[in-house]
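Note sheet for the following structure.
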Amino acid sequence: MSSLAPSLYQWIDSAEALDAACEQVAGASVIALDTEFFRENTFFPVPALIQFTTGEMAYLVDPLSTPCTEAFRNLLQNSAIKLLHACSEDLEVFQHWAGVLPAPLVDTQVAQAFLGENPGMGYQKLVEHWVGETLPKEETRSNWLERPLRPSQCQYAALDVIYLLKVWALQSEKLAELGRREWLDDECASLIEQAGRSVESDGQWYTRQRQLWRLEPRQLEAYRLMTIWREGETRRRDLPRNWLVSDKLLFAVAEKMPQNRYELAEVEGVKPVLVKKEGDALLALVKQAQHCPEADLPARWPDPMHPTFKRRFKALKKVVAEKADALQIAPEMLLRRRDIEALVMQRLANQPLTPLNGWRDICLTQDIYQALEESSQ
């Protein structure tokens, strides 16, 4: 059983009340943040609750009735540490509702990964690990858009930020002992940079597809163009990606490279409604890829099942695993599988390797270059 005492919280449902709360916490050095949101039939998250605290009082902001104010935007970007846990979706909420991202950022899930723990540790387990308290779980899947919220929902939401401060106080001491605080700051700054850079603008969504090696360069270009188009359209229409057209269907269209609506309709999985509504746009992108100058086409993606690829991938994976073991952190904190694959593909395509930054550069770059060299012999 939990021994948690009821937390103090203040409900904020007006711009004036939000500004007053911001004034109360303006001098704090650390601000804990969290959000509750709904995201089933939209591209952008629908904010349902914004929580923040600097101590024992949690402020619960109702974004359904309260616009983000300049005072709160300033709070999100002042010099205080902004503390979140598993922040990726929360950052989307702040970007959409406030128009700015909270910085400087510390993500307590990332901090825990640098302390040798599970890199995906959930918030409740984190609190148990550091504070020895068991947080209530009953409201995890609440309907946060309902009004009024129940007292148990408000209590749950308040605890989500209040205990962040307690966890971070202990984590930061351990990080300092290990000399890894700078690593954490680098990693969290990277999270902010990634969140501020839309997939639409950098055109890299297509690289998430695991079967790219099956496509010829013109097919690959068609798939790339179609994913960029979809990113723009789903944002413009505020629709989930798969509600417009799935990765699987875009890939199938790229494989077939249809020249007209009849051929598009023949692609497996393509329904008449897609041909009717989006057919012209998809065919125009296929045509654009067909007429792309040879020199501008992307390089063929290497086959991950080819012995040369497998040998080099295995060599890099071993380097990462050994270094992670020495540092007592999870291997995926050093390099994710797709990052290792990208390095191997770049070497096979005789392209410059994507440089590692900060602490990863210090820990890994020399060993990675050596492993790629030895595995090519």
Does the stretch 15-38 hold any residues that are in a loop (DSSP other than H, G, I, E, B) and exposed (fewer than 14 other Cβ atoms within 10 Å of the Cβ), and which are they?
Gly27, Ser29
Taking first residues from the stretch 83-102 that are without any contact (Cβ under 8 Å) to a residue 12 or more places away in the chain and second residues anywhere that are open to solvent by 10 Å² or more (accessible area, probe 1.4 Å) and among the basic types (Lys, Arg), the pairs with Cβ under 8 Å that are 6 or more apart or on different chains are none
Candidate set: the stretch 203-246, residues that are acidic (Asp, Glu) and within 20 Å of Phe44 (Cβ to Cβ); chosen: the one surrounded by the fewest Cβ atoms within 10 Å (Cβ to Cβ):
Asp238
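Quick check on this structure: which one of Ala265, Ala321 is within 30 Å of Leu184 (Cβ to Cβ) and either in contact with a helix residue (DSSP H, G or I) (Cβ under 8 Å, 6 or more places away or on another chain) or among the small types (Gly, Ala, Ser) (or both)?
Numbers: Ala265 fails: within 30 Å of Leu184 (Cβ to Cβ).
Of the residues listed, the single one that is within 30 Å of Leu184 (Cβ to Cβ) and either in contact with a helix residue (DSSP H, G or I) (Cβ under 8 Å, 6 or more places away or on another chain) or among the small types (Gly, Ala, Ser) (or both) is Ala321.
So which residues in the stretch 12-37 are polar (S, T, N, Q) and under 19 Å from Leu165 (Cβ atoms)?
Taking the stretch 12-37 first, the residues polar (S, T, N, Q) are 14, 24, 29, 35.
Within the stretch 12-37, Gln24, Ser29, Thr35 meet the criteria.
Among the residues of the stretch 284-311, write down those that are of a type in the set (Lys, Arg) and modelled with pLDDT of 95 or more. If you could, list the steps in order and put the result at the bottom.
Taking the stretch 284-311 first, the residues of a type in the set (Lys, Arg) are 287, 300, 310-311.
Answer for the stretch 284-311, where residues must be of a type in the set (Lys, Arg) and modelled with pLDDT of 95 or more: just Lys287.
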Of the residues in the stretch 146-183, how many are part of a helix (DSSP H, G or I) and among the basic types (Lys, Arg)?
3
Any idea which residue in the stretch 160-191 is least open to solvent (accessible area, probe 1.4 Å), counting only those that are under 19 Å from Glu89 (Cβ atoms) and either touching a Pro at 6+ places or on another chain (Cβ under 8 Å) or without any contact (Cβ under 8 Å) to a residue 24 or more places away in the chain (or both)?
Cys188
Check Gly203, Gly196 and return the single one that is closer than 30 Å to Met226 by Cα and in contact with a helix residue (DSSP H, G or I) (Cβ under 6 Å, 6 or more places away or on another chain).
Gly203
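The values are calculated or read from the model by the stated rules, or taken from the named source; none is laboratory data. The structure presented is a predicted model; accordingly, all values stated were derived computationally and were not measured. Methodologically, a virtual Cβ is constructed for each residue, glycine included, from the backbone with ideal geometry; neighbour enumeration extends over all protein chains shown. We work out accessible area using only protein heavy atoms, side chains counted, and drop any ligands, DNA or RNA first. Shrake-Rupley method; radii C 1.70, N 1.55, O 1.52, S 1.80 Å.
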